[in-house]
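Data block below; observations after.
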Amino acid sequence: MPLVAELFAQFADIQLLAGRDIKRQHLMDADVLLVRSVTRVDRALLEGTKIKFVGSATIGTDHIDLDYLRQEAVQFAHAPGCNAEAVVQYDLSVICRLMPEWQSKTVGIIGCGNVGGRLYSKLCELNVDCLVYDPFLSPTAIADLAELDRVLGCDIICLHTPLTRSGPFPTYHLLDASRLAAIGPDALIINAGRGEVVDNRALLELFQNGAEFKVALDVWENEPGIDTDLMGFVSLATPHIAGYSLEGKVNGTEMVFDAFKQWSGLTANKASETVYKAPLLLQPTSVNQAILECCDVADDHQRMLSAMAEAGSDQARVAQAFDQLRKDYPVRREFSYYGIERTTEENLAQYHSLGFAIV
């Protein structure tokens, strides 16, 4: 979480710990707990502590026992949408690498919330054909709504649903063995949402039996102890870093900080101006080149392969390598940090739609 010290230190003493290392004994004298997605926040962690505010600089809340927090009157804040732009840009990088003629393809989006909705809007601006599956939306909100089976027939399928196990439309193993088997051999599946939305074991078995479609996985079942056999079959494998842009992380910290200020009644200034600088000028010859110059998922894939090869078959070492890749992830800036000259070629409108600065 960047800027934690700059923002919170004026109000409190701060103890910094790795997310998976946070234990109850660390919280006995703490009033506020700030986490990301790797820290499970529940009764086992908080019971007997003085914690009255929990902030998670994440879009999702799968790692938070919200019922327990409500029961104990613990204030909770998270950061929906903070890194949505970063995840969209991850999708676009994957697409440029694995399906470079993407602007003439049909893109299916499963889940049209903060990330999926932003992806849909950008693709529509670029005149890319889209179909959307989101049973919680109406046709008046999204003109391209379709049944799931139709969306699974698209050339590119992007998964951006929360993880739910109950209710009328649970997403746990939404792509199970039967749905995965129905996907065409030329399709591309990208999961940058929640790992358990795709049945990883069924996916591995399909690949072992000769499935030919392409898959890019940023999220996995059983993180950080992922299935390295499955990793060997996917076209691009990354360690849950789709949203790891500098801007996305800063947004997450600041959103939690704003909620903390409102809860505590304290006042302070934001500090994001310390990380934003003048745009770095690009001179691309194509939209694909511009996207890959900013964010090339192939580099992340190679780092993942190297780390997992070193870890071998020891599951504890695999989990440690996965976490270390996230901890050591290189600084990544969003498209808005990069400038395209107004005098550039005819794709200027497309660069603008994608979020590049026009200078």
Can you tell me which residues in segment 93-109 are over 23 Å from residue 149 (Cα atoms) and out of contact with any strand residue (DSSP E or B) (no Cβ under 7 Å at 6 or more places or on another chain)?
93, 96, 100, 101
Name the residues in segment 221-257 that are in a loop (DSSP other than H, G, I, E, B) and closer than 17 Å to residue 160 by Cα, would you?
221, 238, 239, 240, 241, 242, 243, 244
Could you check, for segment 132-140, whether at least one of its residues is crowded, with 19+ Cβ neighbours inside 10 Å, farther than 22 Å from residue 214 by Cα and modelled with pLDDT under 95?
no
Here is a check on your reading of the model: is residue 116 crowded, with 23+ Cβ neighbours inside 10 Å and more than 24 Å from residue 299 (Cβ to Cβ)?
yes
Among the residues in segment 109-125, are any under 22 Å from residue 152 (Cα atoms), under 18 Å from the mean Cα position of the chain (by Cα) and assigned to a strand (DSSP E or B)?
yes
The residue that is nearest to residue 305 (Cα to Cα), considering only those in segment 221-243 that are surrounded by fewer than 22 Cβ atoms within 10 Å (Cβ to Cβ) and hydroxyl-bearing (Ser, Thr, Tyr), is 228
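Yes or no, residue by residue, for (1) surrounded by 15 or more Cβ atoms within 10 Å (Cβ to Cβ); (2) part of a strand (DSSP E or B):
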site	(1), (2)
158	yes, yes
161	yes, no
170	no, no
173	yes, no
180	yes, no
189	yes, yes
210	no, no
219	yes, no
Need a quick list: helices (runs of 4 or more DSSP H) entirely within segment 278-359 having at least 3 residues that are touching a helix residue (DSSP H, G or I) at 6+ places or on another chain (Cβ under 8 Å) and either without any contact (Cβ under 8 Å) to a residue 24 or more places away in the chain or aliphatic (A, V, I, L, M) (or both).
287-294, 297-311, 315-327
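The values are calculated or read from the model by the stated rules, or taken from the named source; none is laboratory data. Computed from a predicted structure; not experimentally measured. For neighbour counting, all protein chains shown are included, and Cβ atoms are generated from backbone atoms with ideal geometry for every residue, glycine included.
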